[in-house]
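Down below is the structure, laid out as structure tokens.
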Amino acid sequence: MGNENIENNNTEELKSENNPFANTSLDENEPANDKAAEEPDSQITDEITSLKAELDKINNQYIRLAADFDNYRKRQMQEREALLKYGAEETLKKMLEALDNIDRAKASVENVDDVNTVKDSYNLVFKQIYDVLAKIGLEVIDTKDKEFDPNMHEAVMQTPTAEYPENTIIAELQKGYKLGDKVLRPSLVNVAVSE
């Protein structure tokens, strides 16, 4: 009987409030604390939901950005095609006046026997065409008494001579043109070489 009192006292001590193990269940099949088990799961679920919402938001932003970029790329391509197709429009508009004068000159010289009238008409139209092209930016590459420059000139002939310094252009065989700094067509030239 003495042993029973000791066991009862031990059991009561185990169940007392001061014992941290007092509220724990001794049955292994029974969950220890329902609230404690649910809390981490609900936090994880909330965090997953929050992350999914943020991922959806970022994904939508990406889709919109990709669509905007695709539209921008298509617009740039259309503008480039229009520039290539209609880029010469202003140039051609400026040339129309010269073409009109060519037509007038052609009509005016059909019944003219005076060569000077034809020559004057030709010179007028020729000057007008060059003026229009100069306004656009076309320049004739200068060759007279210049030193040969392979960036601007193409030597199609070389003449041994003592009259000119070596590599000096003696004659221009075909005019060259440039637009700004870009050579459109090099001048075909005859270059002096030492004898």
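The values are calculated or read from the model by the stated rules, or taken from the named source; none is laboratory data. Remember, it's a predicted structure, so these values are computed and weren't measured experimentally. Here Cβ is always computed from backbone atoms with ideal geometry, including for glycine, and neighbour counts include all displayed protein chains. For accessibility, only protein heavy atoms count, side chains too; no ligands or nucleic acids. Shrake-Rupley method; radii C 1.70, N 1.55, O 1.52, S 1.80 Å.
Checking the Cα-Cα distances for Lys106/Lys144; Lys93/Lys119; Lys94/Lys178; Lys94/Lys144; Lys119/Lys178; Lys94/Lys146 against a 22 Å cut-off, the pairs over it are Lys106/Lys144; Lys93/Lys119; Lys94/Lys144; Lys119/Lys178; Lys94/Lys146.
Just to verify a number: FRET efficiency for Ile63 and Lys93, C-beta to C-beta distance, R0 = 35 Å, to 0.05? Intermediate results must be reported in sequence, preceding the final value.
Details: r = 44 Å, r/R0 = 1.27.
Result of the calculation: an efficiency of 0.20.
Amide H contacts of Glu154 (H built 1.01 Å from N, in plane; Pro and chain starts excluded): Ser187, Leu188, Val189 sit under 5 Å, all sequence-distant by 5 or more or on other chains.
In this label model, Lys74 and Asp120 are separated by 6.1 nm, measuring between points 7 Å along each Cα→Cβ vector. Label-to-label distance for Asp145 and Asn111 is 4.9 nm, based on points extended 7 Å past Cα in the beta-carbon direction.
Would you mind getting the accessible area per residue of region 103-195, heavy atoms of the protein chains only, 1.4 Å probe, in Å²?
Values: 6640 Å² over 93 residues.
Value for region 103-195: 71 Å² per residue.
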